[in-house]
Amino acid sequence: GNYYARHRWALQAKGDLPVGRFNLSLRYRFQQQTKTYIEDPDDEKTIWFNRTRFEIDYDVKGLPLKPYANIEVYNKLFAENDIFIDETRYTIGAEYTVFKIHSVGLEYIYHVSHVSKPEYRNILSVIYSVSF
């Protein structure tokens, strides 16, 4: 009863900087979100976010394994409160390339919200990717 479907669209830009076996990346995302389940008048408002993520990953020599860690910060635009950072996500994980275009991964996300309940969330993600 706490999660409902939403409509989102986003524009993003990402840059990478290889440093030896490490790769540093920075992603900026501009996101608009609209709720589909309306309980009170505030639910009808469109929400705009700045989302900035810094990530570091490591290329393990001799293994198709890529461990990584990142931090992502959400800032709500046009907010009617004095909160600068609305949400923060801390992520650690690893991606393993099974074949050239297939990979699997596992990650843990610790999500902190300064504006909604629950304030803290623990998320475990299992990932399957196909890259062409």
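Would it be correct to say that residue 20 is over 19 Å from residue 52 (Cα atoms) and surrounded by fewer than 11 Cβ atoms within 10 Å (Cβ to Cβ)?
Criteria met by residue 20.
I'd like the full set of residues that are more than 18 Å from residue 80 (Cβ to Cβ) and among the β-branched types (Val, Ile, Thr), limited to the range 2-48.
Selection gives 19, 36, 38.
Inside the range 39-127, counting only strands (runs of 3 or more DSSP E) that do not spill past its ends, which hold 3 or more residues that are modelled with pLDDT of 95 or more and closer than 17 Å to residue 22 by Cα? Explain how you work it out, then say what you get.
Numbers: elements: 47-58, 65-77, 87-97, 102-113.
Ranges flagged: 47-58, 65-77, 87-97.
Within the range 88-98, does at least one residue satisfy the condition of being open to solvent by less than 70 Å² (accessible area, probe 1.4 Å) and in contact with a Leu (Cβ under 7 Å, 6 or more places away or on another chain)?
yes
Does residue 59 satisfy the condition of being of a type in the set (Asp, Glu) and open to solvent by 40 Å² or more (accessible area, probe 1.4 Å)?
yes
Six or more apart or on different chains, Cβ under 8 Å: which pairs go from a residue in the range 36-54 that's more than 16 Å from residue 71 (Cβ to Cβ) and without any contact (Cβ under 8 Å) to a residue 60 or more places away in the chain to one that's open to solvent by 50 Å² or more (accessible area, probe 1.4 Å) and of a type in the set (Val, Ile, Thr)? Could you list them?
The qualifying pairs are 44/38.
Answer yes or no as to whether residue 51 is among the charged types (D, E, K, R) and either out of contact with any strand residue (DSSP E or B) (no Cβ under 7 Å at 6 or more places or on another chain) or over 24 Å from residue 102 (Cα atoms) (or both).
The answer is yes for residue 51.
Report the residue count in the range 62-87 for those that are open to solvent by less than 70 Å² (accessible area, probe 1.4 Å) and out of contact with any Ser or Thr (no Cβ under 9 Å at 6 or more places or on another chain).
Residues flagged as open to solvent by less than 70 Å² (accessible area, probe 1.4 Å) and out of contact with any Ser or Thr (no Cβ under 9 Å at 6 or more places or on another chain) within the range 62-87 amount to 7.
Are any residues in the range 99-129 open to solvent by less than 60 Å² (accessible area, probe 1.4 Å) and more than 22 Å from residue 50 (Cα to Cα), and if so, which ones?
102, 103, 105, 107, 125, 127, 129
The values are calculated or read from the model by the stated rules, or taken from the named source; none is laboratory data. All figures in this text were calculated on a predicted structure; none of them were measured in a lab. A quick note on method: Cβ atoms are made from the backbone with ideal geometry, for glycine too, and the neighbour counts reach across all protein chains shown. Protein only, heavy atoms only, side chains kept; ligands, DNA and RNA dropped before computing areas. Shrake-Rupley method; radii C 1.70, N 1.55, O 1.52, S 1.80 Å.
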